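Input: a single structure, listed below in structure tokens.
The values are calculated or read from the model by the stated rules, or taken from the named source; none is laboratory data. The shown structure was predicted, so the numbers you read here are calculated from the model rather than taken from an experiment. Cβ coordinates were reconstructed from backbone atoms using ideal geometry, including for glycine residues, and neighbour counts include every protein chain displayed. These area figures cover heavy atoms from the full protein model, side chains too; ligands, DNA and RNA do not enter into them. Shrake-Rupley method; radii C 1.70, N 1.55, O 1.52, S 1.80 Å.
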Amino acid sequence: MHELSVTKDILNIVLKYAEMNDVNGVKKITLEIGELSDMVEEWLQRYFDMVSKGTVAEGAVLAVSRVPVGIRCESCTAEFPVDLRSEERLKCPECGSDNLRVISGAEYTVKSMEVI
């Protein structure tokens, strides 16, 4: 059910920028959501439809693209993507270290809006 609170946050961001730019209507909202997120696009859209009623964003479509998990090696500073489906032990492909930090894949970002 955490999609509801995230959806409210998305709507607040959209409405803020719509007001700042004298937007009459929002048609599409492009989101980037990290692969580490368990957000379900179908529920995001359903909740967005519910919370946006009566606003300039009513009827807007959410277009979601997933951001891959990115890792930085704290030993050699190499950065690399990670396949979450792999069962291999995670280690740096450059130096073999397991001193790693997640640098992407957990974010939620409003990338753009199509407006009228």
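In debye, nearest 20, what is the charge dipole magnitude of segment 1-78 about its Cα centre with +1 on Lys and Arg Cβ and -1 on Asp and Glu Cβ, if you could check?
Charge dipole of segment 1-78: 140 debye, to the nearest 20.
What is the distance in Å between the Cα centroid of segment 100-116 and that of segment 27-48?
Between the Cα centres of segment 100-116 and segment 27-48 lies a distance of 11 Å.
Please give the helix 41-51 orientation as an angle from the longest Cα principal axis of the chain, in degrees from 0 to 90, rounded to the nearest 10.
Relative to the chain, helix 41-51 is tipped by roughly 30 degrees.
Kirkwood-based Rg over Rh for segment 41-107 (C-alpha set), two decimals?
1.25
With a 1.4 Å probe and every protein chain kept in, tell me what percent of the accessible surface of the chain is carbon plus sulfur. Could you put the intermediate results ahead of the total?
Details: 3600 of 7360 Å².
Ligands and nucleic acids excluded, carbon and sulfur give 49 percent.
Ranking request for peptides 88-97, 60-69: highest mean number of other beta-carbon atoms within 10 Å first, then the rest in descending order.
Per-residue mean Cβ counts within 10 Å order the peptides as 60-69, 88-97.
Note the angle between two axes, namely the Cα long axis of helix 2-20 and the longest principal axis of the Cα atoms of the chain, as a number of degrees from 0 to 90, rounded to the nearest 10.
Helix 2-20 and the main axis of the chain meet at about 60 degrees.
State in Å² the accessible area per residue of the chain; use a 1.4 Å probe, count heavy atoms of protein chains only, and round to the nearest integer.
I get 63 Å² per residue for the chain.
Using label points projected 7 Å from each Cα along Cα→Cβ, tell me how many nm separate Trp43 and Tyr17, to one decimal.
2.5 nm
If I histogram all Cα-Cα distances within the chain using bins 5 Å wide from 0, what percent of pairs lands in each bin?
In whole percents, the pair-distance histogram is 2, 11, 19, 18, 12, 10, 9, 8, 6, 3, 1.
What ranking, highest mean first, results for peptides 28-41, 11-24 when packing means the other Cβ atoms within 10 Å averaged over each residue?
Most protected by this proxy first, the peptides run 28-41, 11-24.
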